[in-house]
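Step one of this worksheet: look at the structure below.
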Amino acid sequence: MGLDLSSDFDGNRIQAIVDEHINLEGPLLPILHAVQEDLGCIPQEALPVIANKLNLSRAEVHGVMSFYHDFREQPAGRHVVKICRAEACQSMGSDAIAEHAKSRFKIGFGDTAPDGSVTLEAVYCLGLCACAPAAMVDGKVIGRVDEARIDAISSEVRS
Amino acid sequence: MRLIQETDFGTPASRSEKTVMLTIDGFEVTVPEGTSVMRASQEVGISVPKLCATDMVDAFGSCRLCVVEIEGRNGTPSSCTTPVADGMVVHTQTGKLKDIRRGVMELYISDHPLDCLTCAANGDCELQDMAGAVGLRDVRYGYEGDNHVVARNSDQPNMRWMPKDESNPYFTYDPSKCIVCSRCVRACEEVQGTFALTIEGRGFDSRVSPGMHEDFLSSECVSCGACVQACPTATLTEKSVIEIGQPEHSVVTTCAYCGVGCSFKAEMRGEELVRMVPYKDGKANRGHSCVKGRFAYGYANHQDRILNPMIRDTIDEPWREVSWDEALSFTTNKLKKLQKDHGKNSIGVITSSRCTNEETYLVQKLTRAVFGNNNTDTCARVCHSPTGYGLGQAFGTSAGTQDFDSVEHTDVVIVIGANPTDGHPVFGSRLKKRLREGAQLIVIDPRRIDLVRSPHIKAAHHLPLRPGTNVAVLTALAHVIVTEGLMDEAFIRERCDWDEFQDYAEFAADERHSPEATEQLTGVPAEELRKAARLFAKGGNGAIYYGLGITEHSQGSTAVMALANLAMMTGNIGRKGVGVNPLRGQNNVQGSCDMGSFPHELPGYRHVKLPEVRAIFESLWGVEIDSEPGLRIPNMLDAAVDGTFKGIYIQGEDILQSDPDTHHVAAGLAAMECVVVHDLFLNETANYAHVFLPGSTFLEKDGTFTNAERRINRVRKVMSPKNGYADWEITQLLANAMGGNWSYSHPSEIMAEIAATTPSFANVTYDLLEEKGSIQWPCNEAHPDGSPIMHVDGFVRGKGKFIVTEYVATDERTGPRFPLLLTTGRILSQYNVGAQTRRTANVAWHEEDRLEIHPHDAEQRGIRDGDFVRLASRAGETSLRALITDRVAPGVVYTTFHHPGTQANVITTDYSDWATNCPEYKVTAVQVTPSNGPTEWQVEYDAQAKQSRRIVHAEPAE
C-alpha cells in the first residue's frame, strides 16, 4: 500500500491505545484524541493500524481525522497560539491582530516556528465573543487581545 | 437503436406494502410508504432538480438543489430526504424555489471549470443539465478568488488545485471538476461495500480522497466502477469515454465472466464499444458490476486474438492460415477417417461453459446426431458436477434453489468453500450489504477470506478447517443440530422422508461425529463449531452459499449432500432468504449442464438410457441416438493414451491449463490425431491442436447464458464477429461439412428446439425473454413466468432425501515428503485461466500467481516474501514466488491459477470425486523449498508453447 512504516513509528503503542478505548461506543474520536495526547500528533502510519483494529477502511479514518483541524499529522511547537477569526472577533479588529501575530512570530497560520517554539493557528469562535477579539494560548482562552498582548505572548513563548 | 436512458428516481425504492397518497404540482400520486418526495415526483414524471441524489444510494441531502415547498410546513425541505405523508401537498416549482436553486447553482459553477465543450462528460453531465434546468445565466462571483479549478492563480501556484489521478487503468479522477456531492463515496460504501473513498477535510477544503489521500491504484479501491457510474460530472470518467467520446446507442447484454450473470448496457458508437454500464433492471446485479464485467473487455481487440482458421498436419509444424472452406474440409476428412479406422466412438466434443446455451446445445447435438456417439463433456466436470449429482439426489433437481435477491431476506449465511468478494464480486457486494444490515455470517474456509473480516464486515464464526475435511465438519454441524434438538421437526415431517431422516439423525448423532471427536482431524475448535451450528439452526432464515471449495474434492458430491441435509433439517428451503446456493464459476456453467453436455444426459438432465427421452430427439433429429453414455473428459484422455480415442472438437475450454494433472492431459492430447480447438486465442490446449477455428466474443453474437440462479439472460450482438462467424454458425458449418444438414438462421430457432424438447424450458422463447428481460427455469405450463425460488410447496423429487454422509479421508495425504496442503482459488481482477483477463489492463492488479504461505512455514524453510520457491507434489513440480501471510493457517499453502507460466495444475493430482470424477483441485500434499527460478518443466513447456504458436500467414488474395 505504498506506506513507509518508518522505524521510529511504534505500532504497538497505537495498538495499546486503541485497545484501551475499543469498547467505547464510537471509539474512533476518543482514540484519535488519545493518540494525539500521547504522541503529540497522529502520524499517518497510525491510521491503518487504527483502521484495522476498528474494522474500518483507511479512507474512513483519514476522512474523520482530516475533518477536525485539531488533529495534526506533525507535532506542534512547544506552545500553540490560536487567534479567533470568526465574525465577532473580526468586527473587533482581529484581522489586524492576526497580521501582527504573523509578523511577530514570523510564521503564517498553520505553521510552526523553525525553532519549534510556537505554532500559530486560526480558530473560528472560541465562544468568547463578549470579550472579542479572543485568542487561546496552550488551551487557555484570553479576551480583549491587542498588539501589546501579542507582544507579551510572543516573548513568553520564545523564552 | 437508441441510447437507453434509465430513469434515475433519485432515491431507492421503498419496500413497504402500505401506500400513501399525496399531491405533487397538482397531480395525485400513490406510492409506498417511506418513498421520498423526490422519488414520488419522478414516478409521475416530475423531475425535481438534483445533484447529490441518485437511486443507487440512500438520500444524503447535501446539494440543496432538490428543495421543495410543502403546504403547512415551514421552510424548503430537500425532497430527497423528506418521506411522503398522506395528504401532503407538494410544490416543486415556485418563485422562491427557483431563486434558491439558481443561487445554489451559481455557487457550484463559480468553482467549476467552464470547459464544457471540450469536457469528456459533454452530453452526459448532470451539472450541465441542472444549470440548464434551473436557468442559470450568470455567475456573479467571478472566477478570480479561491478555487479548485486552475493550476495557477495569477502566477502563483494554486495550493487548492490537484492534478488528475490517472493511476487506475480504466478511469481518471479529475479533482478540479469535483462538486463534492459524495455520490462516489456513498456508492463505494453502500453499493460496493469497500469503503475505499472518503471526503477529506471540511468546508471549502473538502475533497474526495481514495484511501488516505492516495492515488486510486494504491488505495483500497477494487475498481468496480460504481463511483464512476455515480459521478454526475467528468470528475470520475472512463478513459474509454475520454478517448472515444459519448456513445450514441446501447444494447442490453449479459456479462461473459462469472456465474453471477450481470446485465450490462453495452454503450456503443457504431460498432465501437465505448463502455459497459451495469443495467439497473438486471435482476442478478441490480445495477452493479465488478472490475471484470465493467472494464475488462479489451481482450476482444487484443493482438493475440486469432481471426483466421488455421491448420497443420502435426503439432511441431507452424500453423497455416487457411480459408474456412479449407479448414472445414481438412477437419472433416480427418474426423471421418478416424471414425472409419477406429470406430464411431473414437471422436468426441467438449462443450464450453463460456459459450451460449444455443452454442452448447449444438455442440452436444454435433456428437450425438452427427458423430453418432455420446462423447460429450464440459468443464462443469471439473467444477460443479458434484452439485448436479448431490442436489439432484437430495432435492430432485441439480440447480441452486434461490435467486440472488433472496440474500436481502436472509438472517444467517454460511459461506463455505467460496470467496465471493473475489470470485463472485457482485454477489459478494450484495451479501456484504445484507451483513451490514445485521445478518450474521459463518465462514467455513481454510483461508481467512475477506468476508471473515473487512471494513464493516465480521463473520460471527470462522471455522478454518483443514483442506479435505468438509464432510467431517458438515456432519459435525449436523451432529450438534440433531443432538441438541435444534432441527425443524415440522418441516422435516411435512417435506422430507421421515424414516430417512431418522436414519440420518442416528448416523449424525453418533459420538464419532461430534465436534470434539472430529476436532483433531478438521482443526476446527469444537466450541466454535457448536456455536456456529446453533446460530445457523436458530438464527432465522438460514442460507448456504458454496463454491468449488465444496465440490472439487474426492468427496465433493457427499459434501453437497451434507449441505442439502443441513438446509432440510433446519427447514431452510422453499422461501425467500434461505436455500442451498451453488456459486457457479463461469457465466454459463449452469446452462452448459442444462443443455445436455454430459455424456450420460440429454438436455434437461435426462439419462440417455431412457428410450422415451431418446425418442424425443430421435424424431426431431432424424437419427438414432446411442443408448450408451459416452466418455467423460478424464476417460477421453485415458482412451487417447490407450490409442482408442483419436479426435476431439473443443469449444472454448483450455483443458490443458484448467484440468488437473497437466502431464496427463498433455499426453492424452499429444496422442490424438485430430484436435480441433475453437477459441479466441491460441490457448495452451491449442499447442496440441491440428485445427484452430477462431471464435467470437460475447459481444459478437446472439444467444442466452444461464447464471447461477437459473436465470436465462439474453446475450445480444453489438458488433460483427471479427472472425467472420458467431460460434454457433461455426459449429453448424462443421456439422454440415460432416453431413449434418442443419439450417439454423438465428439462435432463437435453436432455443425453440430446446424448448420443444426440454420440459424445464418449455415456455422459453426469445419473445418472452424480450418481454420479461430474463427468466428463471423451470419455465413451463406450471410456471409460466419462471421460478425465482424452487421447492416452494414441496421438493421436485417429492420428499426431500436425507443421505448418510460418511467422511472418507482423501487418499491424498501429507507425509514427511509432502508435509503441506495446497489449496487453490481465484483473485478479483483475474478470471480462471486468465485467457481473457491477462489480455486486459487488469494485470495492473495481478501480474503473476503467488504462493501464500504462513510465516511459520516460511521461516522453517528459510523463505522470504517474494522469493522464488519450488512447489512439488507427487504429480509434478513448478515454481512461483512466495507471499508470506497469516491468511492461511500453518500447514496450508494457497495459490491462484490464472497464469499459464505457473502451471499450478502440474501439481494437482488425478484424484477425483467418487460420483462425478470432479477433480480434487482443492487438496494436494506438497513441499515448498527455496528455488532459483522456473523448473525444468516450465522451461520446456515454454519452449514447446513458443514453438507451437508459430503462424505462417496466408498470402493476401490477388
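The values are calculated or read from the model by the stated rules, or taken from the named source; none is laboratory data. None of these values were measured; they are calculated from a predicted model. Please note: Cβ atoms are built from the backbone with ideal geometry, for glycine as well, and neighbour counts cover all protein chains shown.
Quick grid of which residues meet (1) at pLDDT 95 or above; (2) within 14 Å of chain A (Cβ to nearest Cβ):
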{"residue": "B:Arg436", "(1), (2)": "yes, yes"}
{"residue": "B:Gly468", "(1), (2)": "no, no"}
{"residue": "B:Leu474", "(1), (2)": "yes, no"}
{"residue": "B:Thr483", "(1), (2)": "yes, no"}
{"residue": "B:Ala508", "(1), (2)": "yes, no"}
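Can you find a residue that is crowded, with 23+ Cβ neighbours inside 10 Å, among the hydroxyl-bearing types (Ser, Thr, Tyr) and in a strand (DSSP E or B) anywhere in region B:924-933?
For region B:924-933, residues crowded, with 23+ Cβ neighbours inside 10 Å, among the hydroxyl-bearing types (Ser, Thr, Tyr) and in a strand (DSSP E or B): present.
Residues are listed down the side, and each one gets a yes or a no for (1) acidic (Asp, Glu); (2) in the same structural domain as A:Gly108 (by TED's automatic domain parsing); (3) within 25 Å of B:Glu220 (Cα to Cα); (4) within 12 Å of the chain's Cα centre (by Cα):
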{"position": "A:Glu20", "(1), (2), (3), (4)": "yes, no, no, no"}
{"position": "A:Gly26", "(1), (2), (3), (4)": "no, no, yes, no"}
{"position": "A:Gly40", "(1), (2), (3), (4)": "no, no, no, yes"}
{"position": "A:Leu47", "(1), (2), (3), (4)": "no, no, yes, no"}
{"position": "A:Leu56", "(1), (2), (3), (4)": "no, no, yes, no"}
{"position": "A:His62", "(1), (2), (3), (4)": "no, no, yes, no"}
{"position": "A:Cys84", "(1), (2), (3), (4)": "no, yes, no, no"}
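Taking B:Asp146 as the residue in question, decide whether it is more than 14 Å from chain A (Cβ to nearest Cβ), in contact (Cβ under 8 Å) with a residue 24 or more places away in the chain and of a type in the set (Asp, Glu).
yes
Looking only at region B:339-349, which residues are surrounded by fewer than 20 Cβ atoms within 10 Å (Cβ to Cβ) and not polar (S, T, N, Q)?
Scanning region B:339-349 gives B:Lys340, B:Asp341, B:His342, B:Gly343, B:Lys344.
So, in region B:33-87, exactly how many residues are of a type outside the set (A, V, I, L, M, F, W, C) and not in a loop (DSSP other than H, G, I, E, B)?
8
Where residues in region B:564-585 are within 22 Å of the chain's Cα centre (by Cα) and over 15 Å from B:Arg710 (Cβ atoms), which of them is surrounded by the fewest Cβ atoms within 10 Å (Cβ to Cβ)?
Result: B:Lys576.
Let me confirm something: among B:Ser429, B:Ser385, which residue is touching a Cys at 6+ places or on another chain (Cβ under 7 Å), buried (at least 23 other Cβ atoms within 10 Å of the Cβ) and of a type in the set (Ser, Thr, Tyr)?
B:Ser385
Report those helices (runs of 4 or more DSSP H) wholly inside region B:487-554 carrying at least 3 residues which are among the acidic types (Asp, Glu) and surrounded by fewer than 18 Cβ atoms within 10 Å (Cβ to Cβ).
Because the criterion is at least 3 residues that are among the acidic types (Asp, Glu) and surrounded by fewer than 18 Cβ atoms within 10 Å (Cβ to Cβ), the helices (runs of 4 or more DSSP H) in region B:487-554 that meet it are B:498-509.
From the residues in region A:136-159 that are surrounded by 15 or more Cβ atoms within 10 Å (Cβ to Cβ) and in a helix (DSSP H, G or I), which one is modelled with the lowest pLDDT?
Per the stated criteria, the residue is A:Val157.
Looking for something farther than 19 Å from A:Arg149 by Cβ, more than 10 Å from chain B (Cβ to nearest Cβ) and either touching an Asp or Glu at 6+ places or on another chain (Cβ under 9 Å) or free of Cβ contacts under 8 Å to residues at least 60 places away in the same chain (or both) - is there at least one such residue anywhere in region A:88-105?
No, region A:88-105 contains no residue that is farther than 19 Å from A:Arg149 by Cβ, more than 10 Å from chain B (Cβ to nearest Cβ) and either touching an Asp or Glu at 6+ places or on another chain (Cβ under 9 Å) or free of Cβ contacts under 8 Å to residues at least 60 places away in the same chain (or both).
What number of residues within region B:186-220 are farther than 19 Å from B:Thr421 by Cα, within 9 Å of another protein chain (Cβ to nearest Cβ) and of a type in the set (A, V, I, L, M, F, W, C)?
Final tally of qualifying residues: 2.
Just checking, does region B:218-226 include any residue being over 20 Å from B:Arg275 (Cα atoms) and in contact with a His (Cβ under 8 Å, 6 or more places away or on another chain)?
no
Residues that are assigned to a loop (DSSP other than H, G, I, E, B), charged (D, E, K, R) and either touching a strand residue (DSSP E or B) at 6+ places or on another chain (Cβ under 6 Å) or at pLDDT 95 or above (or both): does region A:66-78 have at least one?
Within region A:66-78, not a single residue is assigned to a loop (DSSP other than H, G, I, E, B), charged (D, E, K, R) and either touching a strand residue (DSSP E or B) at 6+ places or on another chain (Cβ under 6 Å) or at pLDDT 95 or above (or both).
Here is a yes/no grid of residues against (1) touching a residue at least 40 places away in the same chain (Cβ under 8 Å); (2) away from chain B (no Cβ under 11 Å):
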residue	(1), (2)
A:Val18	no, yes
A:Pro30	no, yes
A:Gly40	no, yes
A:Glu45	yes, no
A:Glu60	no, no
A:Tyr68	no, no
A:Ala76	yes, yes
A:Ile83	yes, yes
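Please find, within region B:375-389, the residue that is modelled with the lowest pLDDT out of those that are closer than 16 Å to B:Gly417 by Cα and part of a helix (DSSP H, G or I).
B:Val382
What pairs come up if the first residue lies in region B:471-485 and is over 11 Å from B:Thr518 (Cα atoms) and not assigned by TED's automatic domain parsing to the domain that holds B:Gly390, the second is part of a helix (DSSP H, G or I) and of a type outside the set (Gly, Ala, Ser), and their beta carbons are under 9 Å apart, counting only those six or more places apart or on different chains?
Sorted first by the residue in region B:471-485, then by its partner, the list stays empty.
I'm trying to understand the selection: among the residues of region B:26-57, which are buried (at least 16 other Cβ atoms within 10 Å of the Cβ) and among the acidic types (Asp, Glu)?
Within region B:26-57, B:Glu43, B:Asp55 meet the criteria.
Going through region B:104-142 one residue at a time, which ones are over 30 Å from B:Ile244 (Cβ atoms), surrounded by fewer than 17 Cβ atoms within 10 Å (Cβ to Cβ) and either within 46 Å of the chain's Cα centre (by Cα) or of a type in the set (Ser, Thr, Tyr) (or both)?
Result: B:Leu107, B:Ser110, B:Gly135, B:Tyr141.
Among B:Val139, B:Val180, which is of a type outside the set (Ser, Thr, Tyr) and not assigned by TED's automatic domain parsing to the domain that holds B:Ser219?
B:Val139
For region B:238-247, check the following and say yes or no: at least one residue is in a strand (DSSP E or B), surrounded by 22 or more Cβ atoms within 10 Å (Cβ to Cβ) and more than 14 Å from chain A (Cβ to nearest Cβ).
yes
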